[in-house]
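The values are calculated or read from the model by the stated rules, or taken from the named source; none is laboratory data. In this text the structure is predicted, and so the values were computed from the model without any measurement. Cβ: placed from backbone, ideal geometry, glycine included. Neighbour counts: every protein chain shown.
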Amino acid sequence: MEHSPLLAGTTWSCPGQTLLEALETLEQAGLFDVEVWADGMHLDPRVDPEPDRVARWLASRPLQVRSVHLPFDAVLPGGTADQRTEEWVRLCARTLDFAQRLGATVAVAHPVLFSDEDDGHARTIDRFVPAVQAIADDATSRGMRLAVENMHTMRGATLRTVREIRGALANVTGPVGICLDLGHAVFNGCDLRDEITAATGLLINAHVHDSDGTGRDPHLPPGDGIVDWPAAMHAFQAINYSGRYVLEVRGGDDPLGTLRRSRERLLSFMS
Ligand SMILES: [Zn+2]
């Protein structure tokens, strides 16, 4: 099986598996570049991962962990927005520590906009910006770079488009980038080429999966939804994107089969 340096997988595709089992599945699928999931499983500090044990295992494998997806869900439920934001930053700091031990150089964060009742959008952004600054500074001190991802509102208030992310990042100093999620962009009704072009110069990670545009963010294998893949790949080339494409597909009952099929599909669209 040929090794494609641009293609990556995420342990999120293997939710019923331990972190080590998920890494083995990705390896069997031919995905040697890995994003480790850290929300509710795998590298989430709240599930007591064993990063040093995983690091020892990785040392004898062809896999490389290059990025981590930071936690975002169920952070201090019931707390005030300020308390929840503080706890989120602390949780991300612990995750960054674990991810550094695995060799990650990129950390992906959802734009989590914590709010109290009656908070307007501007207030939630004012709370979000210093939190992102703190996480970004922590990441930088560990030789990692933070990437903020375009999200959808099914999980609550967030930033949906590259322009919204750029607007928030304009008030953050330091090298913070963008992770563009193609499926989310389609799900949000955005024009893919516009979104990719808008990320020019800041794009450091891409989540690739398909969407039917109407469902509940289904994270389908490339080709099973409405994404125009050749056009999307062309748009990435047009902005000279040289980063990786992380296949963020829902593994279902057969993560290995789904990942293999997704990998083959994406490779065909890339050639
Ligand atoms: Zn994503």
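Within the stretch 237-257, is there a residue that is in a strand (DSSP E or B), more than 13 Å from the ligand (Cβ to nearest atom) and touching a strand residue (DSSP E or B) at 6+ places or on another chain (Cβ under 8 Å)? Working first, answer last.
First pass over the stretch 237-257, keeping only residues in a strand (DSSP E or B): 245-247.
With the extra rule that they be more than 13 Å from the ligand (Cβ to nearest atom), the set shrinks to none.
Scanning the stretch 237-257 turns up no residue that is in a strand (DSSP E or B), more than 13 Å from the ligand (Cβ to nearest atom) and touching a strand residue (DSSP E or B) at 6+ places or on another chain (Cβ under 8 Å).
Does Val112 satisfy the condition of being crowded, with 18+ Cβ neighbours inside 10 Å, β-branched (Val, Ile, Thr) and not in a helix (DSSP H, G or I)?
When the stated conditions are applied, Val112 passes them.
Based on this model, can you work out whether Val89 counts as touching a residue at least 24 places away in the same chain (Cβ under 8 Å) and either closer than 25 Å to Glu149 by Cα or of a type in the set (A, V, I, L, M, F, W, C) (or both)?
Spelling it out, Val89 is indeed touching a residue at least 24 places away in the same chain (Cβ under 8 Å) and either closer than 25 Å to Glu149 by Cα or of a type in the set (A, V, I, L, M, F, W, C) (or both).
Within the stretch 217-236, which residues are surrounded by fewer than 22 Cβ atoms within 10 Å (Cβ to Cβ) and within 14 Å of the ligand (Cβ to nearest atom)?
Scanning the stretch 217-236 gives Asp217, Pro218, Leu220.
Applying the selection to the stretch 130-175, what residues are loosely packed, with under 14 Cβ neighbours inside 10 Å and assigned to a helix (DSSP H, G or I)?
Pro130, Ser141, Thr153, Met154, Arg155, Gly167
With the structure loaded, tell me whether Arg90 is in contact with a Phe, Trp or Tyr (Cβ under 7 Å, 6 or more places away or on another chain), under 24 Å from His42 (Cα atoms), among the basic types (Lys, Arg) and not in a loop (DSSP other than H, G, I, E, B) or whether it fails that test.
Working: in contact with a Phe, Trp or Tyr (Cβ under 7 Å, 6 or more places away or on another chain): no; under 24 Å from His42 (Cα atoms): yes; among the basic types (Lys, Arg): yes; not in a loop (DSSP other than H, G, I, E, B): yes.
Judged against the criteria, Arg90 is not a match.
Residue check, Arg155 against (1) charged (D, E, K, R); (2) touching a Pro at 6+ places or on another chain (Cβ under 8 Å); (3) within 15 Å of the ligand (Cβ to nearest atom), all met but one. Which one?
(2)
Take the stretch 20-43 and flag every residue that is closer than 18 Å to Val108 by Cα and buried (at least 24 other Cβ atoms within 10 Å of the Cβ).
Selection gives Val34, Glu35, Val36, Trp37, Ala38, His42, Leu43.
I'm checking my understanding of the structure. Among residues of the stretch 158-187 that are away from the ligand (no atom under 16 Å from the Cβ) and touching a Lys or Arg at 6+ places or on another chain (Cβ under 8 Å), which one is modelled with the lowest pLDDT?
Only one residue tops the list, namely Pro175.
Suppose the filter is part of a loop (DSSP other than H, G, I, E, B), farther than 22 Å from Pro218 by Cα and free of Cβ contacts under 8 Å to residues at least 12 places away in the same chain; does Gly79 pass it? Even if it seems obvious, please write down each step before you answer.
Numbers: part of a loop (DSSP other than H, G, I, E, B): yes; farther than 22 Å from Pro218 by Cα: yes; free of Cβ contacts under 8 Å to residues at least 12 places away in the same chain: yes.
Yes.
Does the stretch 44-65 contain at least one residue that is aliphatic (A, V, I, L, M), crowded, with 17+ Cβ neighbours inside 10 Å, part of a loop (DSSP other than H, G, I, E, B) and touching a Gly at 6+ places or on another chain (Cβ under 9 Å)?
No: zero hits.
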